[in-house]
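Before any comments, here is the structure.
What follows draws every value from the coordinates through simple rules; no lab data is involved. Since this is a predicted model, take the numbers as computed values, not measurements. Reconstructed Cβ throughout: ideal geometry from the backbone, glycine too, with neighbour counts over all protein chains shown.
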Amino acid sequence: MLDDLNELKTFRAILAGGSLSAAARRLGVTLAVVSKRLATLEERAGVRLIHRTTRALSPTEEGARLLIDVERALEAIEAGEERLASGRVEPSGTLRVSAPIAFGRRCVAPVLAQLATRHARLAVALELDDRVVDLVGEGFDVAIRIGVPADSSAMMRKLADNRRILVAAPAYLDREGRPATPEDAAGHAFLRYGRGSDPWRLRGPDGAMASLAAAARLRVDDGDAVHDWALAGLGIMLKSEVDVAQDLAAGRLARVLPGWDGGDAPILALYPSARHVPLKTRVLLDALAAHLATIMAGESRRPPAPFPATEVL
């Protein structure tokens, strides 16, 4: 029967830290204790839970499934401890987050780094991937998305308003001209992310709509690369406002057709539906909202400011 909390916490710590020695440091016990707990847990389970090589550790198929259940069980216990605790409450456990690659690297990773520094009992696992993840099935606490998902049973919190806008480097616009209407833009060089080739649908003043063919001069499957091309003055790109806010404020990029945009794309946090949202999740959501508010206000690039303490609900 898998009911020893120390063994389960050790199993989680091993996979979060990537080694038995890291788990020992995190838990404040000896390496021998960690090894013994893992061996006993695998004996109880009747299967090997972790692949061990000289260079790395990884969960077996059975171990990966067990980890999801262990995380949920320990979170429920930790939530109960939070409610009973007196004095200051600290987020703890492993916070598993999914985010789009470019946005996650630029906006989510710095926030998670600061939270991990501030809260000693909090571990972080960030997966950067543009795919849509299965929150519950893959054991994620939070998935950050740009734009409203077509269908989701998850709880959602809007972290920031956001639009897709046309931008280019001032040097490009000085050289090629500044279009005044979507029709004027037709002859310009366009930079595109992904495989799509559909026209860009633009929303203008008083709800006017226009279609911009935007045949790609340069195309790439990486959001940071298309951003770099725009900064280098190679053409016009359609990008989320949050991705370019700091470049606009610093004058590295400029709006193209400022009265037009590519539609709303709010920044959302999705998390599993539950009566009790873990403190670690609430702390992250508050921190991200504060950081994004700073970015959208046009602040220059710098590490996120310290976040206010999250209210315990």
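What residues have an amide H closer than 5 Å to that of residue 159, excluding those fewer than 5 places away on the same chain, when H is modeled at 1.01 Å from N in the peptide plane?
Sorted by chain and number, the residues that satisfy this are 267, 268, 269.
Over the range 164-255, calculate the relative contact order: mean separation of alpha carbon pairs under 8 Å at least 6 apart, over the residue count, as a percent.
Averaging sequence separation for qualifying contacts and normalising by length gives 44 percent for the range 164-255.
Sequence gap at least 6, Cα distance under 8 Å: using those rules, report the relative contact order of the range 1-87 to the nearest whole percent.
26
Give me the net charge of residue 37's neighbourhood, meaning all other residues with Cβ under 12 Å from the Cβ of residue 37; Lys, Arg count +1, Asp, Glu -1.
Its environment carries a net charge of 0.
For the chain, what does the relative contact order come out to in percent, with C-alpha contacts under 8 Å and a separation of six or more?
20
Applying a 10 Å radius around every beta-carbon, put 254-260, 225-231 in order of their mean neighbour count, most first.
Highest to lowest by the protection proxy: 225-231, 254-260.
Amide H of residue 236 versus every other amide H placed in the peptide plane: which residues, excluding those fewer than 5 positions away on the same chain, fall under 5 Å?
Amide H to amide H, under 5 Å and 5 or more residues apart or across chains, residue 236 pairs with 189, 190, 191.
Given the alpha-carbon gyration tensor of the range 172-259, what are the semi-axes of its equivalent ellipsoid in whole angstrom, ordered largest first, with each equal to the square root of 5 times an eigenvalue?
After scaling each eigenvalue by five and taking roots: 19, 16, 13 Å.
Provide the packing ranking of 17-26, 100-109, i.e. peptides ordered by the mean count of other C-beta atoms within 10 Å per residue, highest first.
Answer by packing, highest mean first, reads 100-109, 17-26.
What does the convex hull of the alpha-carbon atoms of the chain project to on average, in nm²?
Mean shadow area of the hull around the Cα atoms is 19.0 nm².
Just name one of 49, 207, 281: the one whose Cα is farthest towards the positive end of the charge dipole of the chain (beta-carbon charges, Lys/Arg +1, Asp/Glu -1).
About the Cα centre, the residue reaching furthest to the positive side is 49.
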